[in-house]
Amino acid sequence: KSNAMWGGRFAAGPDAIMEAINASIGYDKRLYGQDIAGSRAHAAMLAAQGIITDSDAQTIREGLLTVLSEIEGGSFEFSTALEDIHMNVEARLKEIIGEPAGRLHTARSRNDQVATDFKLWTRDQVDGAIAGLEALIRALMAQAEAGADWVMPGFTHLQTAQPVTWGHHMMAYVEMFGRDMSRFADARARMNENPLGSAALAGTGFPIDRFATSAALGFDRPTANSLDAVADRDFALEFLSCCSISAMHLSRFAEELVIWSSAQFRFVALSDRFSTGSSIMPQKKNPDAAELIRAKIGRIMGAMVALFTVMKGLPLAYSKDMQEDKEQVFDAADNFMLALAAMTGMVSDMTAQVDNLRAAAASGFSTATDLADWLVREAGLPFRDAHHVTGTLVAMAEKQGCDLPDLSLEDMQSVNAAITKGIYSVLTVENSVASRVSYGGTAPEQVRLQIARWKEILG
Ligand code: ARG
């Protein structure tokens, strides 16, 4: 049998393979809530404009609520032959209310319909991502507050560089996830224009009110070009870009947690709730959640690249290629939200191993820069000379198998006669971090300042 929606010019129905490649209902059923909300707004507007009768609009709007409750109650039968969520909903509406259902699609096309539904769905995900990032930021801030003055090694090249504070390290991620939040917020503001009423591509001759449907659906305004509106998937690409950048941040932090929880580092203990064991090695406690979070960037960024590749080279306006947008965004959104939630749980639960952090911070000549700075400040050496003297002292300590504070004053003075015992005060890790008071530096007082600033931002 030919198609109920466009059967007029068709003698034969589709091949089974055609149906299989054409149908999107298997995944776009997730848009049912947005589709029904969009249709209800459209019907109300059509009646307000005198395009359909009030009684038809009323019947349509109520019928759509019945469809909604059928879908949510699990009794709705989705049909592949009906291709997508839009036609599944409309066909069922027709079964329930009869003839008025056929008036719903006046002044509308699936092209503006799908763009609207998908945008509404993506907008909800943006809101979810912002809320999820805020929860993670709050968990990081709790860690930062507890450990504003716990000393740990700061690394460059994953080699001990200078001591930093635990709070400072946590707040570094607060900055990253804070930027991610604002990226999502920017994307939301840009995407919040209503495609509905662009119809197939050219707009419509019916006297519709696109501002009314925009208001009803929470859009800031209607889109300004109907060709653009049905062809645009920037909003999805921007969402995927935001997810990718944030997933990259999650991945970096996850990597640190994997390293930190290893027996070689012992910087943190992850909770049992966010770890797994081994089926063969009884002693094992593995950071699986962190590893999976580290991996999620693969599929999330993969989705972004996939959609970019689908969109490139598509002529205006709608092409069926664009149906391939949804699975990518669904998968990326699901996995991004899951990774965010897992990270938030892990961060809330983890315990810094404060003694190990301090011991690691004190090893590896981490206060060598402090020593060089002392030579500049107290002995008047040019920094380059101070750097050289300090390097000589590091080599000496390495040879003696000790750390910088363990060198005797005589040994130090044999390298540079201007050194006095005052130098020992800058060689402790506590003094080192306390001295880094430049704005944004690692000193506990600076870290507390930033925590206070973020509390104000989040309210
Ligand atoms: N299922 C389609 C999609 O996801 C809906 C739009 C179909 N439009 C069309 N002209 N065939 O893109």
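The values are calculated or read from the model by the stated rules, or taken from the named source; none is laboratory data. Because the structure is a prediction, the values reported are computed rather than measured. Note that we place each Cβ from the backbone using ideal geometry, even for glycine, and neighbour counts take in every protein chain shown.
Just give me the residues in region 118-160 being assigned to a helix (DSSP H, G or I) and more than 25 Å from Ala342 (Cα to Cα), in sequence order.
Phe118, Lys119, Leu120
Being buried (at least 16 other Cβ atoms within 10 Å of the Cβ) and either under 22 Å from the mean Cα position of the chain (by Cα) or not in a helix (DSSP H, G or I) (or both): is that true of Gln113 here? Let's see the steps before the verdict.
On the way: buried (at least 16 other Cβ atoms within 10 Å of the Cβ): yes; either under 22 Å from the mean Cα position of the chain (by Cα) or not in a helix (DSSP H, G or I) (or both): no.
Judged against the criteria, Gln113 is not a match.
Would it be correct to say that Val376 is closer than 28 Å to His169 by Cβ, free of Cβ contacts under 8 Å to residues at least 60 places away in the same chain and out of contact with any Cys (no Cβ under 9 Å at 6 or more places or on another chain)?
Yes: the conditions hold for Val376.
Among the residues of region 169-189, are any touching a helix residue (DSSP H, G or I) at 6+ places or on another chain (Cβ under 6 Å), of a type in the set (Ser, Thr, Tyr) and within 16 Å of the ligand (Cβ to nearest atom)?
No, there is no match, as no residue in region 169-189 is touching a helix residue (DSSP H, G or I) at 6+ places or on another chain (Cβ under 6 Å), of a type in the set (Ser, Thr, Tyr) and within 16 Å of the ligand (Cβ to nearest atom).
Being small (Gly, Ala, Ser) and closer than 30 Å to Ile137 by Cα, is that true of even one residue in region 408-424?
no
Scan (1) within 25 Å of Ala23 (Cα to Cα); (2) out of contact with any helix residue (DSSP H, G or I) (no Cβ under 6 Å at 6 or more places or on another chain); (3) away from the ligand (no atom under 16 Å from the Cβ) for the single condition Asp127 breaks and write down its number.
That leaves (1) as the condition not met.
Scan region 53-76 and report the pairs whose first residue is at pLDDT 95 or above and whose second residue is of a type in the set (Ser, Thr, Tyr), with Cβ atoms within less than 6 Å and a gap of 6+ or a chain change.
Leu64/Ser39; Ile71/Tyr32
Output yes when any residue across region 359-370 is more than 30 Å from Met170 (Cβ to Cβ) and β-branched (Val, Ile, Thr), and no when none is.
Within region 359-370 (the criterion being more than 30 Å from Met170 (Cβ to Cβ) and β-branched (Val, Ile, Thr)), the answer is no, since none of the residues qualifies.
Need the failing condition index for Phe235 against (1) more than 16 Å from the ligand (Cβ to nearest atom); (2) touching a residue at least 12 places away in the same chain (Cβ under 8 Å); (3) among the aromatic types (Phe, Trp, Tyr); (4) closer than 27 Å to Ile293 by Cβ, just the number.
Result: Phe235 fails condition (1) only.
Restricting region 27-80 to residues that are in a helix (DSSP H, G or I) and of a type in the set (Asp, Glu), which is nearest to the ligand (Cβ to nearest atom)?
Filtering first and then ranking leaves Asp28.
So for region 410-425 (the condition being closer than 24 Å to His168 by Cα, at pLDDT below 95, among the β-branched types (Val, Ile, Thr) and surrounded by 13 or more Cβ atoms within 10 Å (Cβ to Cβ)), does at least one residue qualify?
No, the conditions are met nowhere in region 410-425.
Looking only at residues that are charged (D, E, K, R) and away from the ligand (no atom under 16 Å from the Cβ) in region 316-369, which one is surrounded by the fewest Cβ atoms within 10 Å (Cβ to Cβ)? Don't jump to the end; show me each part of the working.
Our first condition is that a residue be charged (D, E, K, R); within region 316-369, this holds for 320-321, 324-327, 331, 334, 349, 355, 358.
From what is left, the residues that are away from the ligand (no atom under 16 Å from the Cβ) are 334, 349, 355, 358.
On the way: Asp334: 14, Asp349: 16, Asp355: 10, Arg358: 18.
Top of the filtered list is Asp355.
Would you point out the residue of region 373-391, among those that are farther than 19 Å from Gln162 by Cβ and within 47 Å of the chain's Cα centre (by Cα), that is surrounded by the fewest Cβ atoms within 10 Å (Cβ to Cβ)?
Pro382
Show the residue pairs meeting these rules: Cβ distance below 8 Å; 6+ apart or different chains; first residue within region 252-272 and on the phi > 0 side of the Ramachandran plot; second residue polar (S, T, N, Q) and surrounded by 15 or more Cβ atoms within 10 Å (Cβ to Cβ).
Here the result reads Arg266/Gln353; Arg266/Asn356, each pair linking region 252-272 to a residue that is polar (S, T, N, Q) and surrounded by 15 or more Cβ atoms within 10 Å (Cβ to Cβ).
Out of everything in region 81-108 that is more than 16 Å from the ligand (Cβ to nearest atom) and in a loop (DSSP other than H, G, I, E, B), what residue ends up being surrounded by the most Cβ atoms within 10 Å (Cβ to Cβ)? Quick ask: steps written out before the conclusion?
Going through region 81-108, the residues more than 16 Å from the ligand (Cβ to nearest atom) turn out to be 92-103, 106.
Then keep just the ones that are in a loop (DSSP other than H, G, I, E, B); that gives 98, 106.
Details: Gly98: 11, Thr106: 15.
The extreme case among them is Thr106.
Quick check, is Ile208 of a type in the set (A, V, I, L, M), more than 30 Å from Trp150 (Cβ to Cβ) and surrounded by fewer than 20 Cβ atoms within 10 Å (Cβ to Cβ)?
no
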